[in-house]
Amino acid sequence: MNADLHCHSVVSDGTLTPEALAARAKKNGVELWSLTDHDEIGGQARARDAALALGLPYLTGTEISVTFAGLTVHIVGLGFDADDAALLQGLAATRGGRRERAMEMAEGLAKVGIKGAFEGALQYVGNPDLISRSHFARHLVKTGVCADTSAVFRSYLTEGKPGYVPHRWASLGDAVRWITQAGGEAVIAHPARYKFTPTEEYALFCEFKEHGGRGVEVVTGSHSAAEYVRYAATAIEFGLLASRGSDFHSPDESHIDLGSLPPLPAPLTPVWDALAARVQRPA
Ligand code: AMP
Ligand code: MN
Ligand code: MN
Ligand code: MN
């Protein structure tokens, strides 16, 4: 099945509306879709309504920012109840502090001669509670500081660079519990992206399972083909369900479009098998 269970809209750091993403997913042949905005589920009703109107089955989604062993890890939540009070409160707490962080980022950039970056980034923000590094990146590309967003991250927005501000996100246990206690499944997003030692990565997977997490992204726009193979083995080693998602943000920035990834490697059990009862289907 062409499931695409990871992407972003203007409700977080994507550039398309939930409706435009639904139409793009449908056009690209997606058969099961989820919008997974960072730390926010304000776009869920729009995404679901648009998907169902197009005949596209839908799972609720989000991508929660977590701090683990000093690094940021992303946990995707799928198929939860979007009205769950503890989940809503947890996401709001995780989002809180992004504005202050963004002002500090702008101060760091001002020190290297890039003035007005906070106001500049805000021009790209669709949700005032969700100012992200991506919005700064778009502003710095638009004003000619860098040629593309990857170059902005490399030179300005990653650890040790002038616009980088460390931030404490949710804990791993809290994020997994918010999702699972709302009836959903928690999935470790793009594991190859984290710069952990093998021991730390092992601890991440063990603790994730102890908290009730059951899935891992194997095929994602953030992984190479070799990494599909590596994390397919990890999924089997830890007895985890496998997920698949483009992590699409923007037609101008994302290399992998909605619905265009290869299938999950054969021996894996897809996370959507465990979520069949949570899928919202067209009438
Ligand atoms: P934030 O939650 O504000 O720390 O921003 C994280 C977001 O920045 C991620 O979800 C990606 O969309 C984007 N991002 C992180 N690293 C890179 C990179 N190297 N190149 C392009 N985008 C990136
Ligand atoms: Mn993002
Ligand atoms: Mn992510
Ligand atoms: Mn993402």
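Bear in mind that the values in this text are calculations on the coordinates, not laboratory data. Quick caveat: nothing in here was measured; it's all calculated off a predicted structure. Reconstructed Cβ throughout: ideal geometry from the backbone, glycine too, with neighbour counts over all protein chains shown.
Give the longest segment of the chain that steers clear of GluC sites (Glu not before Pro) in DSSP loops with at most 15 neighbouring Cβ atoms within 10 Å, not counting the sites themselves. Present the calculation step by step, with values, prior to reporting the outcome.
Details: sites that count: Glu31, Glu159.
The segment 32-158 is the longest one with no such site.
Which residue, Gly160, Gly90, Gly42, has the most motion in a Gaussian network model of the chain that connects Cα atoms within less than 10 Å?
Residue with maximal mean-square fluctuation among Gly160, Gly90, Gly42: Gly160.
Given q = 0.12, 0.15, 0.23, 0.24 Å⁻¹, what are the Debye log10 I(q)/I(0) values for region 78-187, with equal point scatterers placed on the Cα positions and solvent ignored?
So the normalised log intensities are -0.50, -0.70, -1.12, -1.18.
What net charge is computed for the residues neighbouring Ala53, neighbours being all others with C-beta under 12 Å from the C-beta of Ala53, Lys and Arg scored +1, Asp and Glu -1?
+1
Measuring from centroid to centroid over Cα atoms, what is the spacing of region 259-278 and region 1-48 in Å?
What the calculation gives is 17 Å, centre to centre.
Take every Cα pair under 8 Å in the chain that's 6+ residues apart, average their separations, divide by the length, and report that relative contact order as a whole percent.
Values: 585 pairs, mean separation 63.9, N = 283.
Relative contact order, the chain: 23 percent.
Using only helices, what value at 222 nm comes out for the chain when you add -39,500 (n - 2.57) per DSSP H run of length 4 or more and divide by the total residues, to the nearest 500 deg cm²/dmol? Working shown, then result.
Working: 10 runs with 102 residues, N = 283.
The per-residue figure over the chain is -10500 deg cm²/dmol.
If you project the alpha carbons of the chain onto their three principal axes, what span does each projection cover, largest first, in Å?
Dimensions of the chain along the principal axes of its Cα atoms: 52, 45, 38 Å.
Mind checking which of Arg177, Arg24, Arg154 has the largest fluctuation in a GNM of the chain, springs on alpha carbons under 10 Å?
Arg154
So what J values fall out for region 226-236 if you push phi through Karplus, 6.51 cos²θ - 1.76 cosθ + 1.60 with θ = phi - 60°, rounded to Hz, Gly and Pro as x?
Each residue's phi maps through the Karplus curve to give 5, 6, 4, 5, 4, 7, 5, 5, 5, 4, 5 Hz.
What are the principal axis extents of the Cα atoms in region 1-160, in Å, biggest first?
So the extents along the principal axes, rounded to whole Å, are 50, 34, 26.
Under 10 Å, Cα contacts only: if you run a Gaussian network model on the chain, which one of Val271, Val76, Val165 comes out with the highest mean-square fluctuation?
Val165
Taking only Cα atoms, what is the 0 to 90° angle, nearest 10, from helix 133-142's long axis to the longest principal axis of the chain?
Once rounded, the angle reads 50 degrees.
Where does the charge balance sit around Asp81 when Lys and Arg score +1, Asp and Glu -1, over other residues with C-beta under 13 Å from its C-beta?
Local net charge: -1.
Counting only pairs 8 or more places apart or on different chains, how many lysine pairs in the chain have C-alpha atoms closer than 22 Å?
Eligible lysine pairs with Cα atoms under 22 Å apart amount to 7.
Give the shape of region 55-132 as rounded, prolate or oblate, defined through the alpha-carbon gyration tensor: a ≥ b ≥ c are the square roots of its eigenvalues, a/c under 1.5 means rounded, and otherwise the shape is prolate if a/b is larger than b/c and oblate if not.
Numbers: a/c = 2.54, a/b = 1.90, b/c = 1.34.
Prolate, because a/c is 1.5 or more and a/b exceeds b/c.
Taking a cut-off of 11 Å, what percent of all Cα-Cα pairs in region 89-128 are separated by more than that? Please list the in-between numbers first.
On the way: 517 of 780 pairs.
Percentage above 11 Å: 66.
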